[in-house]
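Following: one structure in structure tokens, then a few remarks.
Computed from the coordinates by the stated procedures, all read-outs in this text should not be read as laboratory data. Keep in mind the model is a prediction, meaning the values are calculated, not measured. All Cβ positions, glycine included, derive from the backbone under ideal geometry; neighbour counts span all protein chains shown.
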Amino acid sequence: MSFPSSFAIPQYISKPGGWKPNRVAQKQLRPYTADFIMTKVEHKSMLILGAGWTSTFLIPLLEEENISYTATSTTGREETVKFVFDPTSDDSAPYKKLPSAETVLITFPLKGQGQSKHLHDLYSKTHPQASARFIQLGSTGIFQIPNQTLWVTRHSPYDKTDPRAIAEDELLELGGCVLDLAGLWGGSRMPRTFIKRVVVTKEQLKTKKSLHLVHGKDVARSILALHHSFTPGQRWLLTDLFVYDWFALIMGWGDGSSEGDASGPHIDWVREVMEEEGIQALPRSMEALGRCYDSREFYITFKFSPIQARV
């Protein structure tokens, strides 16, 4: 049984003595209208599947712009809806608890064949009136392939065997959109603290060339741009328009342990490698860095610029 979009359940009827609850109508219609009522009452502009780091920047922006939203988490913490994606389950119950939304943002990684379609189809089946548009947050890591071109754009070759790329391609075929993000920073994620984790020895330092970043505020603004001007079937590349040289960053930060003068063995390692490899000054040239992301097309298309560029 279905109802036209203009259908409204008469909750009260006129009786002698005033308006009374229409209990008979409510009892008769309840089995057929639960999903309808949920759709009408709980419709949101955006559904955020996975309220993680990105949401700490996105939610304040949505509230500032008065855009309605619901966010999920695996535990239902802090006013989120509990939702755990299970690619092996056809149970629609977890999806029925979600509101209908104009845009569904998937922040957690989907991998391999079938996961994107599984999520897309179950949500669409349980919310047929929503006509939701799906955005997947991905990683620029899929573009790291042998013999890659110096300048990498969203149109460049990528690793089609990568599990995340496979899932992204599947969503694109379903009319979704993918936003492949460079290294994320902002809030608790500060690039200077990456150094001790990724550069433990001088030999490791020698392998470090280019680094690409994008701040959480600009990720949030980019998601909002796609929400307002959705681009079905498109994969976008997002950086802060800078190509950073690991050597230059390390020379300025040292081991990243403090915000004062650079300290630790890392600055000496950089100086020694510069001497050994004949590097005259920092930053190194784009050709020396060897992998440079060009994400201008996104900002040109949506007509805005990053506001947190340059670390």
Among the helices (runs of 4 or more DSSP H) confined wholly to the stretch 33-131, which include 2 or more residues that are touching a strand residue (DSSP E or B) at 6+ places or on another chain (Cβ under 6 Å)? 55-64
Only one of T103, T153, T107, T126 is surrounded by 18 or more Cβ atoms within 10 Å (Cβ to Cβ), more than 24 Å from W53 (Cβ to Cβ) and touching a helix residue (DSSP H, G or I) at 6+ places or on another chain (Cβ under 9 Å); which? T126
Go through (1) of a type in the set (D, E, K, R); (2) part of a loop (DSSP other than H, G, I, E, B); (3) closer than 27 Å to L179 by Cα one by one and return the number of the condition D261 breaks. (3)
When the stretch 167-197 is checked residue by residue, the ones that are in a helix (DSSP H, G or I) and surrounded by fewer than 20 Cβ atoms within 10 Å (Cβ to Cβ) are D169, L172, E173, P191, R192, T193, F194, K196, R197
Taking the residues in the stretch 281-304 that are part of a loop (DSSP other than H, G, I, E, B) and hydrophobic (A, V, I, L, M, F, W, C) as candidates, determine which candidate is farthest from the chain's Cα centre (by Cα). A281
Among the candidates R164, R221, single out the residue that is in contact with a helix residue (DSSP H, G or I) (Cβ under 9 Å, 6 or more places away or on another chain) and in contact (Cβ under 8 Å) with a residue 60 or more places away in the chain. R221
